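We did not get these values from a lab; they are worked out from the coordinates using the rules stated. Computed from a predicted structure; not experimentally measured. Methodologically, a virtual Cβ is constructed for each residue, glycine included, from the backbone with ideal geometry; neighbour enumeration extends over all protein chains shown.
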Amino acid sequence: MTLPQQKIVYQTNADGIFVGATEADESPLEPGVWLIPGGCVETPPPTLGAGVQARWAQHYWVLEPIPQAAGAPVASAADGMPTSIDIIQRHLDSKAKELGYDSLISAISYAEEPAVPKFQAEGQALRAWRSKVWAAAYAYLAEADDQAPPSPDALLAELPTFELLTPPAEPEHDHA
């Protein structure tokens with residue numbers, strides 16, 4: 001009797017984030033066919049650095065920063081303190097999350113999608129605000145270049161506020 005062969009596969013969670021390696025068994029009924037557990041892929045993830053996770057994007061791995069819990073400091077700089085860039089990006093993402101999106105990128109993906117006017121208006125408003133925020137942030141940071149980094153509150157106080165314009169109401173049709 002021959003024991004079934006095993007193969008290393010890579011387990012992801014419901015969000016596609018790599019959680020560990022596991023084994024797939026060879027089918028006892030079909031030699032050469034592997035019984036891959038749900039959520040697993042056969043492609044090994046890239047080497048992960050500190051603060052980085054791998055997410056499976058249907059055909060390849062994407063490396064991304066590990067998200068921090070709400071309110072937790074983000075460690076990015078060499079001294080472990082959050083950088084101005086991190087603070088600004090968290091600020092942008094948090095506004096998108098207030099509107100029900102999982103991130104700013106997700107919200108902006110609706111900017112050119114007319115199927116739901118509310119989502120399109122929010123995507124366009126967030127996209128325009130993002131541009132204004134980064135322009136203001138870079139100008140502010142350039143002026144403060146020779147000084148100590150600003151506190152998160154001081155930095156955010158220099159940024160434009162978000163304004164959501166209400167999409168125009170759809171015209172009513174006369175059904176007479």
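Tell me, what are the semi-axes, in whole angstrom and largest first, of the equivalent ellipsoid of region 84-157 as set by the roots of 5 times the Cα gyration tensor eigenvalues?
Working: eigenvalues 160, 28, 11 Å².
Equivalent-ellipsoid dimensions as semi-axes: 28, 12, 7 Å.
Using the 10 angstrom Cβ neighbour count as an exposure proxy, how do Leu104, Leu165 rank, fewest first? Each step should come with its number before you reach the end.
Numbers: Leu104 24, Leu165 10.
Fewest to most other Cβ atoms nearby, the residues stand as Leu165, Leu104.
Quick check: pseudo-label points 7 Å beyond the Cα along Cα→Cβ at Ala24 and Ala128, how many nm apart are they?
4.9 nm
What ranking of Thr83, Thr161 emerges when the number of other C-beta atoms within 10 Å of each C-beta is taken as an exposure proxy, fewest first? Walk me through the numbers before you get to the answer.
On the way: Thr83 15, Thr161 8.
Lowest count first: Thr161, Thr83.
Between Thr161 and Ser106, what length in nm is gained on full extension when 0.36 nm per residue of separation is reduced by their alpha carbon distance?
Full extension of this stretch gives 17.8 nm more.
Dipole of region 6-65, Cα-centred, from +1 at each Lys and Arg C-beta and -1 at each Asp and Glu C-beta, to the nearest 20 debye? Intermediate values should be presented prior to the final figure.
Working: 2 positive and 7 negative charges, 41 e Å.
Computed about the Cα centre, the dipole is about 200 debye.
Using only the Cα atoms, work out Rg/Rh for region 6-65, with Rh taken as the Kirkwood radius, to two decimals.
Expressed as Rg/Rh, it is 1.04.
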